[in-house]
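K.L.:
The structure follows.
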Amino acid sequence: MASSTHIEYPDVILIGSGVMSANLAALLKRLDPGIRIQLYEVTDGLAQESSDGWNNAGTGHAGICELSYTPKREADGSVNVSKAIEIFEQFEYSKQFWSYTVASGMTERPKEFINPVQHISFVHGESQVAFLKARHAGMAAHHFFREMEYSTDRAIIAGWAPLLLEGRGDVSIATTKMDAGTDVNFGEISRKLLNWLDQQEGCGIASGHRVVGLKKSSTGWDVRAKNLATGEVRENRTKFVFVGAGGGSLSLLQKSGIPEAKGLGGFPIGGQWLICDNPEIVSQHQAKVYGQALAAAPTMAVPHLDTRILDGKKTLLFGPFAAWTTKFLHKKGSITDLPFSVRPDNLATLLNIGIRNLDLVRYLVQQGTQSTADRMEVLRIFYPAAQAKDWKLIDAGIRVQAIKKTDGQAGIVHYGTEVITNTNHSISALLGASPRCLGLGEHRARSHKKMFPATAGQQRGTSADEGDDPDLRRRHQAIQERRALP
Ligand SMILES: Cc1cc2nc3c(=O)[nH]c(=O)nc-3n(C[C@H](O)[C@H](O)[C@H](O)COP(=O)(O)OP(=O)(O)OC[C@H]3O[C@@H](n4cnc5c(N)ncnc54)[C@H](O)[C@@H]3O)c2cc1C
């Protein structure tokens, strides 16, 4: 869907058409039907960057199988699972909202964007097996994960995910499995939500428009957007800007000049997948299987073997592998993005990051120089019988890791999402690798209150946004009842 509708002086301008802007825009309009919204997107199509189905794994960061959210064992041998609970809850909010959009007719045909796929954690070797057992005990004790199963029995594991066992030697293995996982096409849900938004009174979507200027005004923000086809630059004025520009967010924040952006930097890491279309292999796997991080790999680079359902077709995807790049965006980025993002206020932080994160530097060098044979070796940790002829390498999305100055430390790399908001809440931006991008729940509810304290949404909030219900268990039950999306 390409669109070029312009709304003058809207209440909100959103930059970017990925899953973050699309969800926020749809939610705001639903909560406050009178609100006027303009969205700008630099590419001709919508949600073509990180949110596009081929550019991410579509796991949703549900907190079920990602071992990076439960990294350590405590002194008593137990595993602290509080982070996994928090992440799971946030993703349930997203699913709850999408379920609401289907029930209310905002979106249709949910199978095109969400499908049930079991989530499996897989480990090998004695110490990892012991870790997974302790993690399972911690997880299954919480009602979110009560149905999670644990097994070291090869016959049972072969029943869950046969490829894990094919050709495997005699090493101890363990898995946990939960059937309630999903595979999500973030690009498709974004396009559906924006399609709905575009038909609403007082809302406009202009694709093929790059936001080139952000200037503080007496009442809010002056936003300049360039039509890439004609070269025409339009100026618009709004009370509130949401910068959901993914890799483009840093440069826009720098343009805004807000003090909160001072000292921020970004470091891009390209992603790559091995994908398999061979129907004989694809038909044997219906799971997202996450393992442990390899050596110094950052948490966002933990390997996984995923079922993906994209454009109605099932595919297997393995990775991600990291690739070198200086671009911040795949489609409309430039090789000068990284050098041009370096400013006097972030130079020292960026240099210190390089010096203090030598493991990460080594990891990136290793990843950037690896061959197909090296990548197949990693795949065979999961699928020992994998053959190179069945797999091909494709590009995934680029993650721009947020780099921030912190007190007492020269700098810190953020693998998660950074939400930057100025003091009067007139501009908010998302930076970072965004593994928690879909934690729409509490941040959404909180930011909505701060930014739009007077909207009708405060009264309407109960059906589309149940973020304020204090009883976690009751909310979870409500979510479970609404879960059967496809
Ligand atoms: C390899 C990989 C695997 C991942 N796996 C998962 C996963 O399993 N689960 C999960 O939850 N997340 C995953 N993610 C993260 C997830 O894909 C992103 O967090 C999410 O898609 C980000 O959405 P967004 O809307 O913030 O950004 P994007 O989808 O990147 O959208 C930003 C949009 O802004 C536009 N834009 C940029 N600059 C401008 C400008 N100046 N003017 C106008 N428009 C502009 C861009 O063209 C783009 O369309 C993964 C990411 C990668 C790279």
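K.L.:
So, L317, is that one part of a strand (DSSP E or B), out of contact with any Pro (no Cβ under 9 Å at 6 or more places or on another chain) and within 30 Å of L250 (Cα to Cα) or not? Outline the logic, then answer.
P.N.:
On the way: part of a strand (DSSP E or B): yes; out of contact with any Pro (no Cβ under 9 Å at 6 or more places or on another chain): yes; within 30 Å of L250 (Cα to Cα): yes.
Taking the combined requirement at face value, the residue satisfies it.
K.L.:
Continuing with this model, one more query. Which ones in segment 318-357 are of a type in the set (S, T, Y) and closer than 30 Å to F382 by Cβ?
P.N.:
Hit for segment 318-357 is T325, nothing else.
K.L.:
With S21, S50 as the choices, which residue is crowded, with 24+ Cβ neighbours inside 10 Å, assigned to a loop (DSSP other than H, G, I, E, B) and polar (S, T, N, Q)? Break it down into steps so the answer makes sense when it comes.
P.N.:
Working: S21 fails: assigned to a loop (DSSP other than H, G, I, E, B).
Checking each option against the conditions leaves just S50.
K.L.:
Mind checking which strands (runs of 3 or more DSSP E) fall wholly inside segment 199-243 and carry at least 2 residues that are in contact with a helix residue (DSSP H, G or I) (Cβ under 9 Å, 6 or more places away or on another chain), within 19 Å of S17 (Cβ to Cβ) and in contact (Cβ under 8 Å) with a residue 40 or more places away in the chain? Quick ask: steps written out before the conclusion?
P.N.:
Values: elements: 203-207, 209-216, 221-227, 233-238, 240-243.
In segment 199-243, 203-207, 209-216, 240-243 are the strands (runs of 3 or more DSSP E) which contain 2 or more residues that are in contact with a helix residue (DSSP H, G or I) (Cβ under 9 Å, 6 or more places away or on another chain), within 19 Å of S17 (Cβ to Cβ) and in contact (Cβ under 8 Å) with a residue 40 or more places away in the chain.
K.L.:
May I ask you to list the residues in segment 357-391 that are of a type outside the set (A, V, I, L, M) and assigned to a loop (DSSP other than H, G, I, E, B)?
P.N.:
Looking only at segment 357-391, we keep the residues that are of a type outside the set (A, V, I, L, M), and these are 357, 359, 362-363, 366-372, 374-375, 377, 380, 382-384, 387, 389-391.
N357, T369, Q370, S371, Y383, P384, Q387, W391 - these are the residues of segment 357-391 that are of a type outside the set (A, V, I, L, M) and assigned to a loop (DSSP other than H, G, I, E, B).
K.L.:
Being of a type outside the set (G, A, S) and in contact with a Lys or Arg (Cβ under 9 Å, 6 or more places away or on another chain) is the filter here; which residues of segment 124-138 pass it?
P.N.:
Filtering segment 124-138 down to residues of a type outside the set (G, A, S) leaves 124, 126, 128-129, 131-133, 135-136.
The answer is H124, F131, R135.
K.L.:
Right, another one. With respect to G34, determine if the residue is modelled with pLDDT of 95 or more, within 6 Å of the ligand (Cβ to nearest atom) and not aliphatic (A, V, I, L, M). Reasoning before the result, please.
P.N.:
Values: modelled with pLDDT of 95 or more: yes; within 6 Å of the ligand (Cβ to nearest atom): no; not aliphatic (A, V, I, L, M): yes.
No, not satisfied.
K.L.:
Within segment 70-77, can one find any residue that is hydrophobic (A, V, I, L, M, F, W, C), surrounded by fewer than 22 Cβ atoms within 10 Å (Cβ to Cβ) and not in a loop (DSSP other than H, G, I, E, B)? Let's see the steps before the verdict.
P.N.:
Keep residues of segment 70-77 that are hydrophobic (A, V, I, L, M, F, W, C), which gives 75.
Now drop any that are not surrounded by fewer than 22 Cβ atoms within 10 Å (Cβ to Cβ), which leaves 75.
Then keep just the ones that are not in a loop (DSSP other than H, G, I, E, B); that gives none.
No, that holds for no residue.
K.L.:
Here's a follow-up. If you check Q272 against the conditions, is it more than 13 Å from the ligand (Cβ to nearest atom), in contact (Cβ under 8 Å) with a residue 40 or more places away in the chain and surrounded by fewer than 20 Cβ atoms within 10 Å (Cβ to Cβ)? Let's see the steps before the verdict.
P.N.:
Working: more than 13 Å from the ligand (Cβ to nearest atom): no; in contact (Cβ under 8 Å) with a residue 40 or more places away in the chain: yes; surrounded by fewer than 20 Cβ atoms within 10 Å (Cβ to Cβ): yes.
No: the conditions fail for Q272.
The values are calculated or read from the model by the stated rules, or taken from the named source; none is laboratory data. Remember, it's a predicted structure, so these values are computed and weren't measured experimentally. FYI the Cβ positions are ideal-geometry reconstructions off the backbone, even for glycines, and counts take in every protein chain you see.
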